[in-house]
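Structure, as structure tokens:
The values are calculated or read from the model by the stated rules, or taken from the named source; none is laboratory data. All of these numbers come straight from a predicted model, not from anything done at the bench. All Cβ positions, even for glycine, are placed from backbone atoms using ideal geometry, and neighbour counts span all protein chains on display. The accessibility values were calculated without ligands, DNA or RNA, using every heavy atom of the protein model including side chains. Shrake-Rupley method; radii C 1.70, N 1.55, O 1.52, S 1.80 Å.
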Amino acid sequence: MNTTASKMGKKTARLVVVTIFVVSCFLSALPAQAVPVAPVDVTIPVEQVFEMPDTALSPGEFDYIFTAKNPANPMPAGAVGDTYNFSLQKSMVSGIGPITFTESGFYHYELRCNITSRPGYVYSEHIYDITVVIRTTETEPGVFALTAEIRILQRATEAKVDTALFDKSYSFQATDPNDMIEVDPPVVKTVQGNPANNYIFRFRMTAADPSQPMPPGSSNGVKEVIVIGSGETEFGIWAYTQAGIFTYTITEIDSGNPDYIFDRVVYTIVDTVTDVNGKLVLNRVVTNQENRQVESLSFVNTYIGDSNQQDPPGGGLVNRPPGEGPKTGDYADPMQLILVMVGSALIALLTTFLIYIDRRGEKEHAVPAIA
């Protein structure tokens, strides 16, 4: 009896074990119940720093390429396959994204600037390796969410940074002074008449703004040059380092010498400097006071003094300061001197003759003395 009961107990135990095994296998074959996980949006920070002169005409826009190293990686809206292109203008802080991640894992990307040949621009050639680490975190019992960590590594230096920074700049190629020699208008002085000696004529160039570029030898936006007699000279050449419109006037300085009639014409130089593909280009226009365009700065003076007059010693140049020319009483006309002398002699003779007649009459009417 006991043997029979023992055998039945063993069969029951084996049956229980087999049942448990079969149920376990069945349950394991069933699909696992999915745990709901909230997705996460990621924006990768990008900054562009752009140094550009205020007068630059270029918009300063640059293109960037964001590439997934695994084609299955999530990408921002607007991406084509594993590549996303975007642009940044001047200095601005922006971001790539949002990029939506639904599963945990490591996602690798690359960011670089699309460098093109544009004169005047200096590009930042940084390349950034970007890794987005997505983890599943239980925020509360039975509730799970994805969290993101952005790792940005500058490839060349292997430095970890918080933002993918690209620094760029724009600089002009200044105008070449040698290019200005052919358009620099000369000062041409012409003297009409026959002066005994050459006179020193002075000319002045004045900038509309003293801060404007000027030729060497200038001071506070003014430069003076001289021409001895008839001849020509130049104020010199100068370079521009920024675009803009620059105005100058050219005049002759009237020294006040009464022997000359000075030319009072006023010339205006207008230099328009523009940025053409990173190089400053100069366009110069020279006009007279009637607003007519001219090729040179021509001044004509007329000599009205005495051609035989000898100039003072010291180089033979008549160079009288203003107001120190000949004045009344400085010299007399020789004919006037002769007439004055003859008149004075006649008056003296007439006076002597009248005195002689008067004395003779007194003698004739005199009463003889009594002895």
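Observations
- Residues within the stretch 233-252 that are part of a loop (DSSP other than H, G, I, E, B) and either open to solvent by less than 30 Å² (accessible area, probe 1.4 Å) or of a type outside the set (D, E) (or both), tallied: 9
- For first residues located in the stretch 263-284 and under 21 Å from T249 (Cα atoms) and among the charged types (D, E, K, R), partners that are assigned to a strand (DSSP E or B) and open to solvent by 50 Å² or more (accessible area, probe 1.4 Å) and lie 6+ apart or on another chain with Cβ distances below 6 Å form the pairs D263/V300.
- Here I150 clears all of (1) open to solvent by less than 60 Å² (accessible area, probe 1.4 Å); (2) under 29 Å from A38 (Cα atoms); (3) among the hydrophobic types (A, V, I, L, M, F, W, C) except the condition numbered (1).
- Residues that are open to solvent by less than 50 Å² (accessible area, probe 1.4 Å) and in contact with a Gly (Cβ under 9 Å, 6 or more places away or on another chain), drawn from the stretch 263-277: D271, T272, V273, D275
- Filtering the stretch 86-103 to residues that are among the charged types (D, E, K, R) and under 24 Å from the mean Cα position of the chain (by Cα) leaves only K90.
- The set of residues from the stretch 106-138 being modelled with pLDDT under 80, open to solvent by 50 Å² or more (accessible area, probe 1.4 Å) and not in a strand (DSSP E or B) comprises I115, T116, S117, R118, P119.
- Any chance Q309 is surrounded by fewer than 17 Cβ atoms within 10 Å (Cβ to Cβ), polar (S, T, N, Q) and at pLDDT below 90: yes
- When the criteria are applied in full, N197 meets the requirement of being open to solvent by 20 Å² or more (accessible area, probe 1.4 Å) and touching a residue at least 60 places away in the same chain (Cβ under 8 Å).
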